[in-house]
Amino acid sequence: MSARFAELDWKPTPMGDISLRRRRDPRSGDDVYEVKLGDEYLMSSLFTAGEIALARLGLAALPQTGLDVAVGGLGLGYTARAALDDARVRSLIVVDALAEVIGWHERGLVPLGPGLVEDPRCRLVHGDFFAGVGDGGGLDPEDPDRRFHAVLLDIDHSPRQVLHPRHAALYRPEGMRALAGRLRPGGVFALWSNDPPDESFGAVLADTFTQSEAHVVAFDNPLQHGTATNTVYVARKGPDGP
C-alpha cells in the first residue's frame, strides 16, 4: 500500500508551478492522483466522468471507422484512454503545452501512462494546441495541414474560465472557424467544460457548425456528499465542408 501522501513531481513552468500528488482516500483506501497549477487544483482522479464522456460523446457522433483523432490536453489521460478504447480509432494525437505532464506518462508516474505510451496508435505531442489551431502550424507537427475526424478539447475550465488570456480567442467565432478548418468534412469538435451550458458559446457553435448540442454529465461528488455536473459540447461540421 502506498504512503498516505506523496508529491510525485514538482516543476516550475511558464504557466506556474505544476505538481503531481498522490494521496490515499480515507473512505475507499484507493490512491487518488491530483494535479495542481500554482495553488489551483486542475484535475483529480476522483472526478473523471466528464473527461471520459468527452471522448465517448464526441466519437459517438461519428458513424465511420478508421478515425483519426486529436486531443487537446493530456492531464491524467482519461480522455485519451477513453478515445483509444473505441476500436474505430486508427490514430490519436494528444497535444499538451507542458512537457512535464507528458513526462509523467512516459515515466509511469500516473496509472494510465504506460498504456497510452505503449499503444502504437497514440502519440503524445509537446505543443501549444491554441497556436496550432490559430496560426497555421497545425496540430500534428509532422503534418501541419492534417485534418481529423474529431478534435476533443479539455484544457480550460470553460469557455469563460480560461487558464491563459490568449486562450479566450478560440471560443469566439473566428477561433471556432479556425478549429473547424482542422476537421475533415463531417468531423466533430467536442469540448469539456466545468460550467453549466453557456447559451452564448452555444450560439457561437451553432453559427460555425451544422449541428451542435450541450450534454450535461452528472456524477457523484463524495467531497460534497452530492451530485456534480460537467458540460460536454459536441458540434459537427457539415458533410460538404471544405
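The values are calculated or read from the model by the stated rules, or taken from the named source; none is laboratory data. Being a predicted model, the structure only gives us computed values, none of them experimental. Every residue, glycine as well, gets a Cβ built from its backbone with ideal geometry; the counts of neighbours run over all protein chains shown. Just so you know, the surface numbers come from the protein's heavy atoms only, side chains and all, with ligands and any DNA or RNA stripped out. Shrake-Rupley method; radii C 1.70, N 1.55, O 1.52, S 1.80 Å.
Would you check if there is a residue in the range 66-89 being open to solvent by 50 Å² or more (accessible area, probe 1.4 Å), within 29 Å of MET15 (Cα to Cα) and of a type outside the set (S, T, N, Q)? Give the steps one after another, and end with the answer.
Pass one, the range 66-89, residues open to solvent by 50 Å² or more (accessible area, probe 1.4 Å): 78, 81, 85, 87-88.
Remaining after also requiring within 29 Å of MET15 (Cα to Cα): 78, 81.
With of a type outside the set (S, T, N, Q) added as a condition, the list becomes 78, 81.
Within the range 66-89, one or more residues are open to solvent by 50 Å² or more (accessible area, probe 1.4 Å), within 29 Å of MET15 (Cα to Cα) and of a type outside the set (S, T, N, Q).
What's the number of the condition VAL133 fails, among (1) open to solvent by less than 20 Å² (accessible area, probe 1.4 Å); (2) closer than 26 Å to THR229 by Cβ?
If we test VAL133 against (1) open to solvent by less than 20 Å² (accessible area, probe 1.4 Å); (2) closer than 26 Å to THR229 by Cβ, just (2) comes out false.
What's the number of the only condition in (1) open to solvent by 40 Å² or more (accessible area, probe 1.4 Å); (2) of a type outside the set (Asp, Glu); (3) over 25 Å from SER91 (Cβ atoms); (4) within 19 Å of the chain's Cα centre (by Cα) that THR231 fails to meet?
Single failed check for THR231: (1).
From (1) under 17 Å from VAL234 (Cβ atoms); (2) without any contact (Cβ under 8 Å) to a residue 40 or more places away in the chain; (3) surrounded by 15 or more Cβ atoms within 10 Å (Cβ to Cβ), pick out the condition that doesn't hold for LYS36.
It fails just one condition, (1).
Looking only at the range 71-94, count how many residues are part of a strand (DSSP E or B) and under 9 Å from the mean Cα position of the chain (by Cα).
Going through the range 71-94, the residues part of a strand (DSSP E or B) turn out to be 71-72, 89-94.
Filter once more, keeping what is under 9 Å from the mean Cα position of the chain (by Cα): 71-72, 94.
Result for the range 71-94: 3.
Scan the range 41-58 and tell me whether some residue there is among the acidic types (Asp, Glu), part of a strand (DSSP E or B) and crowded, with 17+ Cβ neighbours inside 10 Å.
Taking the range 41-58 and keeping what is among the acidic types (Asp, Glu), we get 51.
Still in the running and part of a strand (DSSP E or B): none.
Checked against the condition, which is being among the acidic types (Asp, Glu), part of a strand (DSSP E or B) and crowded, with 17+ Cβ neighbours inside 10 Å, the range 41-58 yields no hits at all.
Need pairs with beta-carbon distance below 8 Å; first residue in a strand (DSSP E or B) and within the range 177-199, second of a type in the set (Asp, Glu) and surrounded by fewer than 18 Cβ atoms within 10 Å (Cβ to Cβ); sequence gap 6+ or separate chains.
PRO185/ASP240
Test ASP195 against the criterion of being closer than 17 Å to THR48 by Cα, among the charged types (D, E, K, R) and at pLDDT 95 or above, and give yes or no. Spell out how you get there, then give the answer.
Working: closer than 17 Å to THR48 by Cα: yes; among the charged types (D, E, K, R): yes; at pLDDT 95 or above: yes.
Against the criterion (closer than 17 Å to THR48 by Cα, among the charged types (D, E, K, R) and at pLDDT 95 or above), ASP195 qualifies.
Hey, among LEU37, LEU116, which residue is of a type outside the set (Gly, Ala, Ser), at negative phi and in contact with a Cys (Cβ under 9 Å, 6 or more places away or on another chain)? Talk me through it step by step, then tell me what you get.
Numbers: LEU37 fails: in contact with a Cys (Cβ under 9 Å, 6 or more places away or on another chain).
None of the others qualify; the one that does is LEU116.
Write out, first by first residue and then by second, each pair whose Cβ atoms fall under 7 Å of each other, whose residues are 6+ apart or on separate chains, and whose first residue, in the range 15-33, is closer than 17 Å to GLY75 by Cβ and at pLDDT below 90 while the second is open to solvent by less than 50 Å² (accessible area, probe 1.4 Å) and assigned to a strand (DSSP E or B).
These pairs meet every condition: MET15/LEU37; GLY16/LEU37.
I need the full set of residues from the range 145-161 which are closer than 16 Å to SER91 by Cβ and open to solvent by 20 Å² or more (accessible area, probe 1.4 Å), in order please. Let's see the steps before the verdict.
Start the filter on the range 145-161 by keeping residues that are closer than 16 Å to SER91 by Cβ, which leaves 145-152.
Across the range 145-161, the qualifying residues are ASP145, ARG146, ARG147.
Out of all the residues in the range 100-109, which are touching a Lys or Arg at 6+ places or on another chain (Cβ under 9 Å) and either surrounded by fewer than 16 Cβ atoms within 10 Å (Cβ to Cβ) or outside any helix (DSSP H, G or I) (or both)?
Step one: list which residues in the range 100-109 are touching a Lys or Arg at 6+ places or on another chain (Cβ under 9 Å), which gives 100, 103, 109.
LEU109, the sole residue that qualifies.
Which members of the range 117-167 meet the condition of being over 30 Å from PRO197 (Cβ atoms) and basic (Lys, Arg)?
Answer for the range 117-167, where residues must be over 30 Å from PRO197 (Cβ atoms) and basic (Lys, Arg): ARG121, ARG123, ARG146.
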